[in-house]
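One structure below.
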Amino acid sequence: MEEIKLYILHLNQDDPKKCTAKKLSRFNYAKLTSQISHIPRGSIILSPYTRRVLSPADRRTAERQGVSAVDCSWKNAREVFYRLRGNFRRLPYLVAVNPTNWGHPWQLSSAEALAAALYILGYKEQAHKIMNIFKWGPNFFVMNREPLEAYANSSSWEEVLDAESEFM
């Protein structure tokens, strides 16, 4: 199975030592860019500010156009996302395990967000591969095992929303 292409719009707003996006780029797991025009048109852009939830039904789009994350400070996130246009999907309820936001629901690092998207889309091996470069990475799947499995086994966004309501 071919891997899904990953893109990250990187806005240099966080501590470079803690930046999961830069580490994904160093390992050639994601393409980093500072310009939205370098994100492929039609790519699924992960955003916490949209109603449309990611589901396995988005798999074909992801395979053709890739999945994109926006790496910015959570303090600036709302402002950043409202300026963007694109094919947005939000991730369903998941809990962060990164050292900065550990235990906070929805406040995932770029790496966690991309790994969650890959897992939900059926690319579990690629999801594990990108998280294994972080000491804390494998714990993301331990902490979120049940919801990730439920979301990945859904056939539509409606089923993902039903599953999400069980975990909130």
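The values are calculated or read from the model by the stated rules, or taken from the named source; none is laboratory data. Only a predicted model underlies this, so the values are computations on that prediction, with no experimental measurement involved. All Cβ positions, even for glycine, are placed from backbone atoms using ideal geometry, and neighbour counts span all protein chains on display.
Listed by first and then second residue, the pairs with beta-carbon distance under 9 Å, at least 6 apart or on different chains, first residue in the range 94-123 and in contact (Cβ under 8 Å) with a residue 12 or more places away in the chain, second surrounded by fewer than 20 Cβ atoms within 10 Å (Cβ to Cβ) and of a type in the set (Gly, Ala, Ser), are Val95/Gly103; Ala96/Gly103; Val97/Gly103.
Within the range 131-168, the set of residues being within 26 Å of Ala21 (Cα to Cα) and among the hydroxyl-bearing types (Ser, Thr, Tyr) comprises Tyr151 only. Would you say Leu114 is among the hydrophobic types (A, V, I, L, M, F, W, C) and modelled with pLDDT of 95 or more? Taking the combined requirement at face value, the residue satisfies it. Sort out which residues of the range 137-168 are surrounded by 15 or more Cβ atoms within 10 Å (Cβ to Cβ), in a loop (DSSP other than H, G, I, E, B) and over 16 Å from the mean Cα position of the chain (by Cα), and write them in order of number. The one that is surrounded by 15 or more Cβ atoms within 10 Å (Cβ to Cβ), in a loop (DSSP other than H, G, I, E, B) and over 16 Å from the mean Cα position of the chain (by Cα): Ser154.
Residues in the range 119-136 that are surrounded by fewer than 18 Cβ atoms within 10 Å (Cβ to Cβ) and on the phi < 0 side of the Ramachandran plot: how many? Outline the logic, then answer.
First, pick out the residues of the range 119-136 that are surrounded by fewer than 18 Cβ atoms within 10 Å (Cβ to Cβ): 122, 124-125, 128-129, 132-133, 135-136.
Keeping just the survivors that are on the phi < 0 side of the Ramachandran plot gives 124-125, 128-129, 132-133, 135-136.
Qualifying residue count for the region: 8.
Yes or no, residue by residue, for (1) at pLDDT 85 or above; (2) more than 15 Å from the chain's Cα centre (by Cα); (3) within 21 Å of Leu121 (Cβ to Cβ):
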{"position": "Lys5", "(1), (2), (3)": "yes, no, yes"}
{"position": "Arg26", "(1), (2), (3)": "yes, yes, no"}
{"position": "Gln35", "(1), (2), (3)": "no, yes, no"}
{"position": "Pro40", "(1), (2), (3)": "yes, yes, yes"}
{"position": "Ser43", "(1), (2), (3)": "yes, no, yes"}
{"position": "Thr50", "(1), (2), (3)": "yes, no, yes"}
{"position": "Ala62", "(1), (2), (3)": "yes, no, yes"}
{"position": "Glu79", "(1), (2), (3)": "no, yes, no"}
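Scanning the range 7-24 for residues that are at pLDDT below 90 and assigned to a helix (DSSP H, G or I) turns up Pro16, Lys17, Lys18.
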